[in-house]
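Every number here is computed from the coordinates shown, using simple stated rules; none is lab data. Treat the numbers as computed from the prediction; the structure is a model and nothing was measured. Please note: Cβ atoms are built from the backbone with ideal geometry, for glycine as well, and neighbour counts cover all protein chains shown.
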């Protein structure tokens, strides 16, 4: 998970050329999509094992 206090957040913000507010929105959407994809992959696997 990326937080505002991590170097990764500030690196992404500067590479994307966004404001802090825009970077927060981008990171939030990215983390949300990654979470949904992960749960959709984990749930079927949990039924098999």
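Principal-axis analysis of the Cα atoms of the chain puts helix 7-16 at an angle of about 70° to the longest axis.
With the cut-off at under 14 Å, measuring from each backbone N in the stretch 1-26 to a point 7 Å along the Cα-to-Cβ line of residue 38 picks out 1-3.
With all distinct Cα pairs included, what does the Kirkwood hydrodynamic radius of the stretch 7-48 come out to in Å, to one decimal, could you say?
Values: mean 1/r = 0.0856 Å⁻¹.
By the Kirkwood definition, the hydrodynamic radius is 11.7 Å.
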